[in-house]
Amino acid sequence: MQCWLREQPRALALTNQCNVLLFHSVPKKQNLTAAVALAEYLPQKEHTLDGFRKLTSRPLYGTLGLIDFDGAIFLCVISGVSEVARVREGESVRKIMDVGFYCLNKSDWDHVRQESYTLDTPENYENESMYESAHSASTPYSSLRKLLTDGTFYFSQSFDLTSKMQLRASQSTTDPVYDSMHEQFMWNKFMLEQLLRFRAHLNSEERTSFDKSCFLTCIIRGYASTANINLGFQVVNLTLISRLSSLRAGTRFLARGIDDDGNVANFVETETIITSKNWCASFVQLRGSIPIFWEQEGMQMFGQKIDITRPVEATTVAFEKHVSDIIEEYGPLHIVNLLGTPSGERSLTERLRLHVELSREKPLIHLTEFDYHSQVKSFEHANKIRPLVFEDAAAFGFYFEDANHNTLKTQDGVFRTNCLDCLDRTNVIQNILSRIILENILVMARQNAGSEMWQIHSTIWANNGDALSRIYTGTGALKSSFTRKGKLSLAGALNDLSKSVGRMYINNFQDKGRQETIDTLLGKIVNQHPVILYDPIHEYVNSALQKHANEFSSQKEIHVFVGSYNLNGCTATSKLEPWLFPNNEPMADIYVIGFQEIVELTPQQVISADPAKRVEWEKCVQDVLDSHAEEGEKYVLVRSGQLVGTALLFFAKEKHLNSIRNLEGTVKKTGLGGVSGNKGAVAIRFDFDDTAICFVTSHLAAGYTNYDERNHDYHTISHGLRFKRGRSIFNHDYVLWFGDFNYRISLTYEEVVQCIQQGKLEYLFDSDQLNTQMLMGAVFPFFSEQTITFPPTYKFDIQSDTYDTSDKHRVPAWTDRILFRGEVIPETYGCCPLYASDHRPIYGTFRMKITKTDKAKKKKMFNDFYTSRKQAIHENDRTSLNLIDLGMPVSAERRSYHNTQSLDKLKKPSNEKGKWWLDDGFSAKSHVKAPKSGYVLNPSRADNPFEQSTIPEWIDPKNPETQKPVAPNPSFALPRKPLKPSKPDYLSAAPIKPILPLRPQRSDSPFLQQANSTPNNPSRATSVLSTGSSDLLETSPEQDNIPWKPLF
């Protein structure tokens, strides 16, 4: 395969010996957010590549797809490979060693050579300046290219590498590879999605030819290797293939636990395959993160603290989906949990055990808890796991087929092993499980294995562990020497220490960039769109879907309560009813509570905040909500977060848990220039069905005149607070931002107190610093606030309604506020008389419209619209007849909608059958069809088809009845322009001539003197200024004294 470029008009072409896959650049439309390209699949002919030049002399091995970098469309191709595994005869696996990125619509990077990742020496360039510019050029694809060439991506053009052998055996051998790909393990789905859709729209013959050309390549990430082993008198191949899931991919501390779709981090399917001339066998194992919602910070001063972010009720749905998907695909599940006794790992073990007990799939789940660190001191000790798994290893079995590919045995269950990272401990135990099952396979094959086979087997598993560890942590696996040699050594311990230090550095300083590159490859960056391959039918279908949106989507309203309370370090109390249920309002669907100064802001708390106070307040709020909930309803603490003294609690009715997805939390420090957490913000975001919602509570800088510092805190939070995949606060449909903003009132203490006593709140609000700064556009753009009808909420004497009577006499102010952004429907806004703090708690209630889309129904409607539209276009092309020349045969040669040769060369000259201005190669003559069989045009018909006539246009020569006069068809009558209505008499008065103001005459004007003394036109002014005309364009007598200036 080769890649070609044509510069004018710009196009890229992939070619093999017979066919061409051609890509054209298409100008981007203003109403489209995604980049647009155009593709053609053509047979290679003599002049197909006229004007093209070859981009690289090296052969190419496939296309990874198209990707957009800020409007620049790049085609990614595989340019370097290495064969690493051979499963069976004719089934090889290749590792990607190098890739090339070629821009379709810009020439900015044409000078960058991609023969290898580092650019060549100056001798390979025309001059030294080109070499320097090439080396200093910043290519948008450099980080992605580095990722794809790190030696962890594999592909095969001879079989479906994303599916296990047992699954491939159950599929028809005639099925195309692209139709059976396992999307979970396909890493370039985002880049290849539009090309796969283009392939699906080809006809059957073109699709078969397209598949044989192997232009498109699906890749996996993980590990693959084959080793030859002498087994008795024959040689067998031992192959190991690990497939890493792309659904929750990421780096160590940025991808933990489970998501709402049941996908877990570091989920790997490892298949062990052993083949000989007479038989073939395989079996799979799984590894993956603990399937609950949990997180872990990268750098922690006091041990590795694990944070379980959701309660049992909010985790059950995701856990059930995870285990159900595994059981549906693999059969009964045996979970081997290797976590130990430390507090963090113990909490995960307890939660896992609880979810297994509560699972509806419990009869098909077997949980084995094996504390690796306390049980394993040597390789022999690791074999203690054997009796715990031996029975299920025999029951689950393996896949076995003979030389004729007849299935003799299938695997009917799977082991799922996990530790904390699912790397080092997991790899050791999976090696032992693999050996147990291989022993069973050799018994069935009547073969004996020697020490050589088990040494090779251990080496392959150690290499597998290193590869998976580099993907997840950036370094090789720990305990790899233990796996390779079966014993611990001093050199191995020192090597593990070196790797641990490397992991700490990479995880804390490089993982963020690595995670962003992974998300870019998978298309998970916020506002990232795939490159659209232009398809006029697709545009028509999208337009039709927008018109029928109400058929596959629905809307509902939810009631949201938001509260904010600066606690000033007071103790927790359950006497919160006046605040959470003001005016006896109905219970809300969602309660979001923000606390500030939940703990005293001491240096010790700032360094390491104690979550105990937050847990106490969580329980108090939970008790109050449960005590007022209606019968059969229950509130669940879905998520909470804390930054020193600032905390955010998110409660929801249990019935809404299935609708809450993609829940994330994050914090942003603003104290001491972003170093300290005494000031800052805590945020929670989630999707309620298909509506994105974000809640932010913040505590900004204090001080009466420090509004500039508060403004700076706002900008630090709004620009620096980020969720996963680059999502910001403003990438949501609804945003509610509340807390202690600390903005004051710019008046004296006496003035403010007097206005409060007199009820002059509007006067105070005019001097409110937040109001002033928002009007100036300095902070919170596009945010709104309900009208404030309550007195300032700061600062009171404790247990009193009296404003500050201390020596400082702090000016009362509305420091506590609730702002909102988006089409939120505000209802109430007020404060509550709770006296435990020097602040008063505030609350606001809102209604939000939630959109829910039935994705299955939308997809079905899309396919129906597409099919019907395509058939309509095909039938119009096939059945049309010519109005002007009805005897002209309909041409059978019609270009398909995606053929764009006309874009690449000058238009063909016009003739009687075609005009250059008509697109798609349609005839210049339109066509109609006779109304009935046997009918012909009436030779006596009127010449003008739009003229009303009683003579029929179509007649049957054999039927005289059809030749009789008919009533004229009024629909063919040309519409007449309606007559202009006459004006009524009272509007027909003579026009009034405007009186122009007098302009003083200046006799000393040189222009006037020149005009009056011009000999060629002595009466210029008087000839122009005529009187007695009613024409407004003429002059009036009042203009006689106006001095006129000559034009030249």
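Couple of notes before you dig in:
- Distant-in-sequence amide H partners of residue 531 (H built 1.01 Å from N, under 5 Å): 68
- In this simple spin-label model, placing a label point 7 Å from the Cα along the Cα-to-Cβ direction at both residue 602 and residue 45 gives a separation of 8.6 nm.
- Where GluC sites (Glu not before Pro) fall in DSSP loop in segment 1-77, at most 14 other Cβ within 10 Å: 7, 46
- Note that segment 708-719 has calculated 3J(HN,Hα) couplings of 5, 5, 5, 4, 5, 4, 4, 5, 4, 6, 5, 8 Hz, one per residue in order, obtained from phi through the Karplus relation 6.51 cos²θ - 1.76 cosθ + 1.60 (θ = phi - 60°); glycine and proline are x.
- Loop-resident trypsin sites (Lys or Arg not before Pro) (DSSP state other than H, G, I, E or B) in segment 788-827 with no more than 11 further Cβ atoms inside 10 Å of their Cβ: 808.
- This model, with +1 at the C-beta of Lys and Arg and -1 at the C-beta of Asp and Glu, gives segment 228-464 a dipole about its Cα centre of some 460 debye.
- Segment residue 214-residue 157, extension gain: residue separation times 0.36 nm, minus the distance between their alpha carbons: 19.8 nm
- The calculated FRET efficiency for the pair residue 676 and residue 751, based on their C-beta separation and a Förster distance of 30 Å, comes to about 0.30.
- For segment 228-464, convex hull of alpha carbons as volume per residue, Å³: 130 Å³
- Pairwise centroid distance, computed over Cα atoms, of segment 612-635 with segment 679-742, Å: 25 Å
- When the chymotrypsin sites (Phe, Trp or Tyr not before Pro) in segment 802-849 are filtered for DSSP coil states and for at most 15 other beta-carbon atoms within 10 Å of their beta-carbon, the remaining sites are 835.
- A cut-off of 5 Å between modelled amide H atoms, ignoring neighbours fewer than 5 places along the same chain, links residue 837 with 799.
- Residues residue 106 and residue 354, FRET efficiency given R0 of 45 Å [Cβ-Cβ distance, rounded to 0.05]: 0.20
- Phi-based couplings in Hz for segment 289-296 (Karplus 6.51, -1.76, 1.60; Gly and Pro marked x): 4, 3, x, 9, 8, 8, 9, 8
- For the pair residue 526 and residue 202, the difference between a 0.36 nm per residue extended length and the Cα-Cα distance amounts to 113.5 nm.
- Karplus-derived 3J(HN,Hα), 6.51/-1.76/1.60, for each residue of segment 152-159, Hz, glycine and proline x: 10, 10, 9, 8, 9, 9, 10, 7
- Of the accessible area of segment 228-464, computed with a 1.4 Å probe over protein heavy atoms only, carbon and sulfur atoms account for 51 percent.
- Residue 730/residue 615 FRET efficiency (R0 35 Å; Cβ-Cβ; nearest 0.05): 0.65
- If the chain linking residue 53 and residue 446 were pulled fully straight, counting 0.36 nm for each residue of separation and taking away their Cα-Cα distance, it would gain 135.6 nm.
- Under 5 Å between amide hydrogens, built in the peptide plane, is the criterion, and for residue 20 it picks out 42, 44 among residues at least 5 positions away or on other chains.
- Segment 228-464: relative contact order as a whole-number percent, Cα under 8 Å and 6+ apart: 22 percent
- Inter-probe distance in nm under a simple model that places probes 7 Å from Cα toward Cβ, at residue 587 and residue 963: 8.7 nm
The values are calculated or read from the model by the stated rules, or taken from the named source; none is laboratory data. These figures come from a predicted structure and were not determined experimentally. Please note: Cβ atoms are built from the backbone with ideal geometry, for glycine as well, and neighbour counts cover all protein chains shown. These accessible areas exclude ligands, DNA and RNA; they are computed on the full protein's heavy atoms, side chains included. Shrake-Rupley method; radii C 1.70, N 1.55, O 1.52, S 1.80 Å.
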